[in-house]
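To keep things clear, I will list the structure first and then write my remarks on it.
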Amino acid sequence: MRHTTTLKVRFYELDPYNHVNHTAYFGYFETARIEALESVGLAMDTMTAEGFHIVVVEAKARFIVPAVGGDTVRIETEVVERRRASSVWHQEMCRGETLLATLEILGAMTDLDGKPTRLPPELADRLARI
């Protein structure tokens, strides 16, 4: 399954070329991942209450076509692989049908002290719905 998030580019995210600054893309993608988690009942406070976090340990971005001022972008988020203590996420950012950027994330499951931990089965099932 995929989760869709729509965001509007704001003027302060632009570089001198009227392109979205490359660092702002990571914020867009993060917002989309948080909304995807919330959509399956895994809000940040819920995960903390359950005793775990998902932390980004690796990110691979590809910038294809720049987003510009005034754009509305759509971000598709999908968990493409679940492992014992990690997950692989794929995200695509589009303007209409034009692919702007992609991001691959490796997310590690940790306990509240930052030690790797296995995701409980009932929570892993929720993650599978993204």
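Here are the numbers for the structure shown:
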item: Likely footprinting exposure, L112, L106, fewest C-beta neighbours within 10 Å first; result: L112, L106
item: Dipole of the chain, positive end: most advanced residue of A124, V55, T98 [Cβ charges, Cα centre]; result: T98
item: Relative contact order of the chain, defined on C-alpha pairs under 8 angstrom at six or more residues apart (%); result: 31 percent
item: Stretchable slack from V88 to H22, in nm (0.36 nm times residue separation minus alpha-carbon distance); result: 21.6 nm
item: Cα-based convex hull, segment 3-127, per residue volume (Å³, whole number); result: 105 Å³
item: Rounded FRET efficiency, nearest 0.05, which uses the C-beta distance separating D45 from T98 and R0 of 41 Å; result: 0.70
item: Label-point separation in nm, V55 to E38, each point 7 Å along Cα→Cβ; result: 2.4 nm
item: For the chain, size of Cβ-based charge dipole, Lys and Arg +1, Asp and Glu -1, in debye; result: 220 debye
item: Sites L112 and V80, calculated FRET efficiency, Cβ-Cβ separation with R0 30 Å, nearest 0.05; result: 0.70
item: Computed [θ] at 222 nm, helices only, for the chain once each DSSP H run of length n ≥ 4 contributes -39500 (n - 2.57); result: -7500 deg cm²/dmol
item: Sorted by Cβ neighbour density within 10 Å, fewest at the top, the residues V73, V20; result: V73, V20
item: Set of segment 54-69 residues, backbone N closer than 15 Å to the point 7 Å along the Cα-Cβ line of T31; result: 67-69
item: Under 15 Å, Cβ to Cβ, from R74 - net charge with Lys/Arg +1 and Asp/Glu -1; result: -2
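FYI, it's all coordinate maths here, none of it is from the lab. Please read these numbers as outputs of a predicted model, since none were measured by experiment. For neighbour counting, all protein chains shown are included, and Cβ atoms are generated from backbone atoms with ideal geometry for every residue, glycine included.
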